[in-house]
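What follows is one structure encoded as structure tokens, with my remarks underneath.
Only the coordinates and a few stated rules stand behind these numbers; no lab work does. Please read all numbers here as calculations on a predicted model, not as lab measurements. When we count neighbours, we look across all protein chains shown, and the Cβ atoms used for this are built from the backbone with ideal geometry, even at glycine.
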Amino acid sequence: MTIEDAEWKPPIVTVTVDLVIFTVRDGDLQVLLIDRGIEPYLGYPALPGGYIDKGETLEEAALRELHEETGLDARTLHLEQLHAYSDPRRDPRGRVITVAYLALGPDLPVPVSGTDAAAASWAPVSDALAGRLAFDHAGILRDGLERARSQLEHTTVAAAFCVEPFTISDLRHIYEAVWGFKLDPSNFRRKVTRTEGFLEPTGERYVPQIGRPALLYRRGNAAALSPPLLRTSQLSSAGGNAADRTMPLVPQENAGLAGSD
């Protein structure tokens, strides 16, 4: 061992958690944002999150930060670890590694800000990405959006957005909001009701003021969709760069879900 080796000390690295929290409100996929009440990025919108306290696990820190900054209880949500972000330049205060979590919930309430958040509110994902977010949160949000879209292809997590009991139309509107395009109602109904374990009929019906009664369902016991509802991609006719023009389209089986509402 050299003198340099003997005197070497590990760098100081701080670990934080950030949360990408999605819900569907007013027909739009929305994300929870806070306005930062402290520097750096004072006044900028950001994802909720913060430092890990002594003795906490990552998930415990995520749950605590969510409640402190927004008043929401993430234990009622679908919560999964998204990714770790370790760019040495991501935080001007020093070396900070953040572990992001993805949370999904049905029509969540208006949050209440607290601690270092000046305000907390829901924003359409498209609006959030069109503006400037603090730190590298725009990239984290994009990763969370793609994870959510992929999860709807391969798992039953779409039902986590629905208040039980729900109708097939309610579930279809979730897919449309997250994927960003309209689905053919008849094809969608056929596919999801034929997927074993996805939905469980309650035996009851929702009777609207106008229109026919609709069967009510709850989430089934399956975790994965077999077969999956896969997306394809194509370029739209809109301007902008290729990333902006890429749109999720339809499950590849005959491209049969897309259509008019």
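As an exercise, use a Förster radius of 30 Å and the Cβ-Cβ distance of R218 and R142 to find the FRET efficiency, rounded to the nearest 0.05. Write down the numbers at each step before the final one.
On the way: r = 32 Å, r/R0 = 1.06.
The pair R218/R142 has a calculated efficiency of 0.40.
Just flag the GluC sites (Glu not before Pro) in region 1-60 sitting in loop per DSSP whose Cβ has no more than 13 other Cβ atoms within 10 Å. The partial results should precede the final answer.
Numbers: sites: E4, E7, E56, E59, E60; in loops: E56.
Here no GluC sites (Glu not before Pro) fit, given the DSSP loop and packing criteria.
Ratio of Rg to Rh for region 14-151, alpha carbon only, Kirkwood?
On the way: Rg = 13.6 Å, Rh = 14.7 Å.
When Rh is taken as the Kirkwood radius, the ratio is 0.92.
If amide hydrogens are placed 1.01 Å from N in the peptide plane, which non-local residues have theirs closer than 5 Å to the one on A120?
Sorted by chain and number, the residues that satisfy this are D35, S113.
Restrict the search to region 98-174; then list the trypsin sites (Lys or Arg not before Pro) that DSSP places in a loop and that have at most 13 other Cβ atoms within 10 Å of their Cβ. Working shown, then result.
Working: sites: R132, R142, R147, R149, R172; in loops: R132.
Sparse-neighbourhood loop trypsin sites (Lys or Arg not before Pro): R132.
Calculate the dipole size of region 14-151 relative to its Cα centre from +1 charges on Lys and Arg beta carbons and -1 charges on Asp and Glu beta carbons; express the result in debye to the nearest 20. Let's see the in-between values first.
Working: 13 positive and 22 negative charges, 69 e Å.
The dipole magnitude comes to about 340 debye.
So how much slack lies between R149 and K9, counting 0.36 nm per residue of separation and subtracting their Cα-Cα distance, in nm? Kindly include the intermediate steps, with their values, before the conclusion.
Details: separation 140, 0.36 × 140 = 50.40 nm, distance 4.27 nm.
Length difference between fully extended and current span is 46.1 nm.
Modelling each spin label as a point 7 Å along the Cα-to-Cβ direction, I'd like the A84/T202 distance in nm, to one decimal.
Placing both labels 7 Å along Cα→Cβ, they lie 4.3 nm apart.
Provide the net charge surrounding V24, with neighbours chosen by a C-beta distance below 11 Å and charges set as Lys +1, Arg +1, Asp -1, Glu -1. Show your work: numbers first, answer last.
On the way: positive: R25; negative: D26, D28, D107, D170, E176.
Net of charged neighbours comes to -4.
For region 159-171, just list the computed ³J(HN,Hα) in residue order, Karplus coefficients 6.51, -1.76 and 1.60, θ = phi - 60°, integers in Hz, with x standing in for Gly and Pro.
5, 5, 7, 9, 7, 7, x, 9, 9, 4, 4, 4, 5
log₁₀ I(q)/I(0) of region 15-79 at q = 0.14, 0.15, 0.16 Å⁻¹, via Debye over equal Cα point scatterers, no solvent, to two decimals?
-0.43, -0.50, -0.56
Per-residue counts of other Cβ atoms within 10 Å, averaged by peptide: what ranking do you get for 30-43, 191-204, highest first? Spell out each step's value before the answer.
Numbers: 30-43: 17.8, 191-204: 14.9.
Packing order, densest peptide first, comes out as 30-43, 191-204.
How far apart, in nanometres, would the label points at V112 and Y44 be if each is projected 7 angstrom from Cα along the Cα-to-Cβ direction?
If labels sit at V112 and Y44, their model points lie 2.9 nm apart.
Along the positive direction of the dipole of region 14-151 (beta-carbon charges: Lys, Arg +1; Asp, Glu -1; about the Cα centre), which of A130, H78, P88 reaches farthest?
P88
Between L82 and residues 5 or more places away or on another chain, which pairs have amide H atoms under 5 Å apart, with H built 1.01 Å from N, and which residues are they?
Residues meeting the criterion, in which the H sits 1.01 Å from N, are A100, Y101, L102.
Suppose R0 equals 41 Å. What FRET efficiency, 1/(1 + (r/R0)^6) with r the Cβ-Cβ distance, do Y51 and S226 give to the nearest 0.05? Can you show the working numbers first?
Details: r = 41 Å, r/R0 = 0.99.
About 0.50, to the nearest 0.05.
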